[in-house]
Amino acid sequence: MSDTPSPRDQFKALDKTLPFDGPEAVDAACLECFPYEYAGTPHGGGMEIVIETAEFTSVCPFSGLPDFATVRVRYIPDALCIELRSFKYYLLSYRNVGIWYEHLVNRMLEDLAAVCAPKRMAVEIVCTPRGGLASTLTAVYDRDTMGPADQLRK
């Protein structure tokens, strides 16, 4: 028998929480748009734009440990399109923000719809599994049934 302690005896749960920022640190002001020149044309009026990245990170609002996800935004623009460089900066502003995924998906929908006022938009967050549990969350906006995008904010 060895004198080496078992891993169960060697490592203790320390109830640690790493420091993190709150949702107020999300930088929606960095989002920019450009005019969509084909709005109102027969072929451009129903065009769908899909933006996707697997490089999204935020942190768990309980532990401060990093969370990883794929973010997919699908929208039908009206007069404006989201400028991708600014969208990347927006996503990076979440990097040290503690936020539940269920709040994250709705916050993104509110921010993105407010800035570009699309006809329709869906934000999908595909979370990297934690503890064997995978989550996919989707929030949807439709101007025809929900009214102007600026009324989405709680």
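The values are calculated or read from the model by the stated rules, or taken from the named source; none is laboratory data. Given the structure is predicted, the values throughout are model-derived calculations rather than measurements. Every residue, glycine among them, receives a Cβ derived from its backbone with ideal geometry; neighbour counts consider all protein chains shown.
Only residues that are touching a Phe, Trp or Tyr at 6+ places or on another chain (Cβ under 6 Å) and buried (at least 21 other Cβ atoms within 10 Å of the Cβ): list them for region 92-106, please. Spell out how you get there, then give the answer.
Within region 92-106, the first condition is being touching a Phe, Trp or Tyr at 6+ places or on another chain (Cβ under 6 Å), and the residues that meet it are 96, 98.
Across region 92-106, the qualifying residue is only G98.
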Handout entry: Leading residue by the ranking (nearest to D144 (Cα to Cα)) among those in region 77-102 that are at pLDDT below 95 and part of a helix (DSSP H, G or I)
Key = E102
Exercise for the section: Scan region 107-154 for residues that are in a helix (DSSP H, G or I) and loosely packed, with under 15 Cβ neighbours inside 10 Å and jot them down. Expected result: D144, T145, M146, D150, Q151
Handout entry: Residue check for D142: more than 30 Å from D15 (Cα to Cα), at pLDDT 95 or above and either under 13 Å from the mean Cα position of the chain (by Cα) or charged (D, E, K, R) (or both)
Key = yes
Problem - Any chance V50 is farther than 20 Å from D144 by Cβ and either surrounded by 20 or more Cβ atoms within 10 Å (Cβ to Cβ) or touching a Pro at 6+ places or on another chain (Cβ under 7 Å) (or both) - result: no
